[in-house]
Amino acid sequence: MAGPSSAPTGRPEPARPAGLSPPLRRAARRFAEVVCPPEVRAGQRTDRVLGELGLMLAALPPAARKGLAAALIGLDQGARLYPPSRGRRLARLDDRVAAAYLRAVLTRPGVAGELARRLKGVVTMCYYDLAEVQREIGYDPAPYIAAVSRRRLESYGAEIRTHEAQQ
Amino acid sequence: MSVPRGLTSQADITGELTLDCGAVIIGSGAGGATMAAELAAAGVDVVVLEEGGYHPTESFTAETGRALRTLYRDGGGGMTFGRPSVLYAEGRCVGGSTVVNGGMSWRTPSRVLDRWAGQEGIEAIRESDLDPYFARAESRLSVGRQDPETVGRDSALFKAGADAKGWNIVPNRRNQLHCAGTNSCNSGCPTGAKQSMLVTSVPRALAQGARVFADCRVERVDRSGPAVSGVTGHVVRPGGRRGPKISVRARTVIVAGGAIQTPALLMRSGLRSASGQLGRNLSLHPNAVVTALFDTDVTGWHGVHQAFQVREFAADGIVLTAVNLTPTMLAGILPAWGAELGALMADYNRIVTAGPLITDTGTGRIRNVPGLGPQVSYQLTDSDAARAVRGVELTAEALFAAGARRVLLPFDGAPEITSPGELRRLLARPVPRRALQLYSVHLMGTARMSADPRRGVTGSFGEFHGVPGLYVADASLFPGPVGINPMETVVALAMRNAQHLIENLGRGGR
C-alpha cells in the first residue's frame with residue numbers, strides 16, 4: 001500500500017454517462033421532450049438531459065434504478081393502449097397526443113402514476129441541473145458564493161484562523 | 001488541494017490490506033468521527049473505515065446533481081416502501097451526513113431525555129448528565145446563531161409571516177463559524193464555515209494519530225466466540241467497482257453507519273438482538289415542502305439555508321422552517337411539467353419553500369434483501385398523517401401572512417391555492433394519506449438503547465447487548481424520535497459513550 005495520497009481522492013464520476021440502452025434512450029428522449037419545458041429542444045439540451053439522467057440513474061440504488069428504467073419502457077409501450085395513439089408507442093406520438101397521454105398517466109392514482117411522477121421528477125431535475133438553464137431563471141450561485149466568501153474572510157478572518165488552528 | 005496525513009483512499013490501496021488496531025470505527029459522520037477523535041485523544045489506536053470518498057472543502061460547488069452523485073448514498077434517492085412512500089437521503093463521504101445536512105445544532109429536549117431514561121432505564125442520560133457533553137460539542141462545532149447579514153429574504157419573509165400570526169419563532173442554532181450564507185449546505189459547504197465532521201472531528205482524530213480510510217466498504221463484523229474480532233470489507237473503486245479486500249483486526253468494533261446501514265451491516269454479519277428490535281423502531285421525522293410565489297423578488301439562495309424555526313407547535317410534534325431549494329431540487333418536486341413547469345420555474349427567484357418537520361409515532365423496519373441491499377418499510381400512522389397535513393396548513397398560513405400570492409401544497413392532485421380561505425376549504429375535506437409527498441433526512445432508532453436486553457439492542461452506553469466489544473454510535477441508538485435536528489444529540493452521545501468506553505478499556509474491558 002502506498003502512503004497517503006497527495007491529491008484529492010474523491011470518487012471521480014465516470015467519464016461517460018452510464019449508458020442508457022437504445023430503447024431506454026428513445027423513450028427517455030420523448031419523455032423529456034414532453035415533461036421538460038419546450039426549451040429543452042434547443043441547442044441539444046435534450047442530449048445533455050439524457051447524459052445527466054444516465055449519471056443519475058447509475059447513482060440510484062438498484063431497486064430504484066431498475067424500477068425507473070422499467071417504468072420508462074412501460075410508459076413508452078403503454079402508450080399503445082391509449083386510444084388516441086392508434087397503437088403507437090410514446091416515442092412515435094406527435095406532441096399533442098404525447099402530452100395528452102402523459103397527462104393522463106401523471107395524474108393517475110396508484111403505483112403506475114406514482115412511478116411516472118417519480119420519473120418526471122428525476123428528468124426535470126436533470127433539466128434544471130444544466131447551468132445555462134439555471135442562469136436563464138436567474139440562478140447563478142458561483143459569483144455570489146465568491147463575493148460572500150470574500151466578505152466572510154474580510155470580516156472575520158482572524159477569528160476563523162484561530163478557531164481552525166484549535167481543531 | 002492536499003490530503004491530510006493519515007487519510008488514505010482507494011487510489012492508494014493497490015492490494016489486499018490487513019490492519020491491526022485497538023478500535024475500528026465504521027463510518028465517519030457525527031457519531032463515528034466524534035468517537036474517533038475522543039478515542040484517539042485517549043491514546044487508543046483507531047482505524048476509521050468510510051465507504052464514501054474524501055471530498056475536501058475546495059472541491060465543493062453548488063452543483064446539485066454532482067453533489068447528489070458524489071456525497072450522498074445512492075444519489076440521495078432512497079425510498080421507503082409504504083403508502084405514502086417517503087424519499088430519504090443519507091450522506092456517504094468522509095464526514096458523513098454532516099457534510100450535506102443543513103447545519104442545525106440543537107440540544108436534545110429534556111422531556112425526550114426524561115422519556116428515554118424513564119421508559120428504557122438508560123443510565124446517565126438526563127439533561128444534567130448530558131449538559132457537559134453538549135457544551136463540549138457546541139464548543140468544538142462552534143454552535144451559535146447566524147450573523148445577521150447572512151439571513152436571507154426567504155427566511156425573513158417566513159419570520160414575518162410567523163410574527164403576523166403571533167407564533168413563537170426562534171433563530172436557529174447552527175454549527176457554523178461565521179457562515180457566509182451561501183445556501184449550499186446540502187452540496188457541501190464551499191467556504192468550510194459549516195463545522196461538519198470533515199473540518200472538525202476528522203482532522204482532530206487524524207492529528208491524534210487515527211488512520212482514516214475512505215472508499216472502504218465493510219461487509220461484515222467478524223467474531224471470535226461471542227466477542228467481536230474485527231471487520232472485513234473491500235475497497236470501492238470508481239464507479240462502485242469492487243477493489244481489494246480489507247481486513248481489520250480489533251477487539252473493539254464501533255458501527256456508525258446511520259440508522260439504515262448500521263442495522264443492515266449487523267444483520268448481514270449474522271448478529272441478532274434478543275430484543276428482536278435490531279432494524280426495527282425506525283423513526284424518520286417526515287417533512288413536506290410548501291411552495292409559495294410572491295410578487296416581489298425573494299432570491300432565496302442569497303442567505304443561510306435555514307435561519308429560523310417556528311416552535312409554536314413543538315409540543316404537538318410540529319416544527320416549521322423555511323428552506324431554500326436549488327432549481328434542481330425544486331423542479332423535482334413541483335407538481336407541474338412542460339410549459340407549466342417552465343412558467344413556474346421562471347419565477348424561481350420569487351419563490352419561498354418552507355415546511356413542517358413531524359415528530360412521528362409510526363415506525364419502520366430495515367431488511368436486507370439479497371441483490372438489493374437494505375430495504376426500508378415504513379407506514380405512516382393516521383395521527384402522523386394528520387400532523388403532517390396540519391403542519392402543511394400552518395406553513396401555508398404563515399406564507400400567506402407574509403404576502404404569498406399563490407401556494408402549492410405537497411398533496412398529489414391538489415390545486416394551486418391563492419388565499420387562506422381557499423386553503424381552509426380545501427382542507428375541510430380529508431387529505432388521503434397516500435397523497436402526501438414526504439421526505440426525510442433524520443433517520444433514527446434501529447438499534448435502540450435500553451438497559452433491558454429484552455427491549456433494546458444496545459445498552460446505556462451504546463454497547464451491543466450480548467456481544468462483547470461491539471458498539472453502535474449513531475442515531476440508531478435513539479429509543480425514539482428526538483423531535484429536533486438530531487446531529488448534536490449524536491455527537492453528545494458519542495462523546496459520552498467514548499468516555500465510558502475509555503474508562504472501561506482502562507479497567508481491562510473491551
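Summary table
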item	result
Stretch gain in nm, segment B:Glu340-B:Asp222, where the contour uses 0.36 nm per residue and the Cα spacing is subtracted	37.0 nm
Cα-based helix-to-principal-axis angle, B:487-506 vs chain B, degrees rounded to 10	10
Dipole in debye (nearest 20) - the protein assembly as shown, about Cα centre, beta carbon charges: Lys, Arg +1; Asp, Glu -1	2020
Cα gyration tensor category, rounded, prolate or oblate, for segment B:1-136 with a/c compared to 1.5	oblate
Cα gyration tensor category, rounded, prolate or oblate, for segment B:112-174 with a/c compared to 1.5	oblate
Sites B:Phe81 and B:Arg111, calculated FRET efficiency, Cβ-Cβ separation with R0 30 Å, nearest 0.05	0.40
Ratio Rg/Rh, restricted to the protein assembly as shown and using Cα atoms, in which Rh is the Kirkwood radius	0.96
Helix B:110-120 vs. chain B, principal-axis angle (Cα, 0 to 90°, nearest 10)	50
Computed helical MRE - 222 nm, chain B, DSSP H runs ≥ 4 contributing -39500 (n - 2.57), nearest 500	-8500 deg cm²/dmol
Gyration tensor verdict on segment B:169-255 (Cα atoms; rounded if a/c is under 1.5, prolate if a/b is larger than b/c, oblate otherwise)	prolate
Length added when fully stretched, B:Arg367-B:Asp163, from 0.36 nm per residue minus Cα-Cα	69.0 nm
Cα-based helix-to-principal-axis angle, B:127-140 vs chain B, degrees rounded to 10	90
FRET efficiency estimate (nearest 0.05) - Cβ-Cβ, A:Arg96 to B:Glu422, R0 25 angstrom	0.20
Computed E for B:Asp147/A:Thr162 - FRET, C-beta separation, R0 22 angstrom, nearest 0.05	0.85
Using θ = phi - 60° and Karplus 6.51 cos²θ - 1.76 cosθ + 1.60, couplings along segment B:288-303 (whole Hz; Gly, Pro as x)	9, 10, 9, 10, 10, 10, 10, 7, 10, 5, 10, 6, x, 7, 8, x
Dipole magnitude of segment A:66-167 about its Cα centre (Cβ charges: Lys, Arg +1; Asp, Glu -1), debye to nearest 20	700
Which of B:Thr458, B:Thr57, B:Thr191 has the fewest Cβ neighbours within 10 Å, and the rest in rising order	B:Thr57, B:Thr191, B:Thr458
Extension gain, B:Glu58 back to B:Arg237 (0.36 nm per residue minus Cα-Cα distance, nm)	62.2 nm
Straight-distance crosslink candidates among lysines, where the alpha carbon sits under 27 Å from B:Lys165 and sequence neighbours closer than 8 are dropped	none
Anchor B:Lys194: lysines whose Cα lies under 24 Å away (excluding residues fewer than 8 positions away in-chain)	B:Lys159
Neighbour-count ranking [beta-carbon atoms within 10 angstrom, fewest first] of B:Phe81, B:Phe60	B:Phe81, B:Phe60
Spin-label pair A:Glu39/B:Ala124, simplified geometry with 7 Å Cα→Cβ offset, distance in nm	6.0
Estimated inter-spin distance, A:Arg151 and A:Glu132, nm [label 7 Å along Cα→Cβ]	3.1
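Every number here is computed from the coordinates shown, using simple stated rules; none is lab data. These figures come from a predicted structure and were not determined experimentally. Note that we place each Cβ from the backbone using ideal geometry, even for glycine, and neighbour counts take in every protein chain shown.
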